[in-house]
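In what follows, a single structure is set out as structure tokens and then discussed.
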Amino acid sequence: MALKTIAATAMAASILVFPSNTSALTMDQFAAICASHQGECSEHPIVQAYVGGALDLIAMLDEQSDYLGEVYCDNPSTLFDVPAIIQYMQIHREEYADRNAMLLVIRYLEENGGC
């Protein structure tokens, strides 16, 4: 249920915050959103929605198709830890500064997914 709420928030935020001709969010842009928040980045609702929406999409693709192959093997209820994923993204942001931030969500799942 929480993932659905986060995904809905992500969609609403993307419509309100990003114009329709926007390209993929880079890690530099992701870091700027984090920096705009006075608390922990993992507490920022837009960041939570972005990562939660990504996880929802990945889980749906995993359940409904063979599109992704084996990105993760562990139980999603323990693996899909949004604050841990956000922390991972922040740690690796320099390596992916100009690349799509979503790549770090996938990278986290590949490294921690138990396959």
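The values are calculated or read from the model by the stated rules, or taken from the named source; none is laboratory data. Every value quoted in this text rests on a predicted model; they were computed, and no experiment measured them. Ideal geometry is used to build each Cβ from the backbone, glycine not excepted, and the neighbour counts take in all protein chains shown.
Annotations for the structure displayed:
- Residue-level check: of (1) surrounded by 19 or more Cβ atoms within 10 Å (Cβ to Cβ); (2) touching a Ser or Thr at 6+ places or on another chain (Cβ under 9 Å), LEU104 misses just (2).
- Hits in the stretch 26-68 (condition: among the acidic types (Asp, Glu), more than 23 Å from GLY113 (Cα to Cα) and not in a helix (DSSP H, G or I)): GLU40
- Taken over the stretch 61-86, the residue count meeting the criterion of being without any contact (Cβ under 8 Å) to a residue 24 or more places away in the chain, closer than 19 Å to ASN100 by Cβ and out of contact with any Asp or Glu (no Cβ under 9 Å at 6 or more places or on another chain) is 3.
- Consider the stretch 71-92 and keep the residues that are more than 13 Å from the chain's Cα centre (by Cα) and part of a loop (DSSP other than H, G, I, E, B). The one that is modelled with the lowest pLDDT is VAL71.
- The stretch 37-70 - residue that is over 14 Å from the mean Cα position of the chain (by Cα) and either under 13 Å from ILE106 (Cα atoms) or of a type in the set (Gly, Ala, Ser) (or both) and, of those, modelled with the highest pLDDT: GLY39
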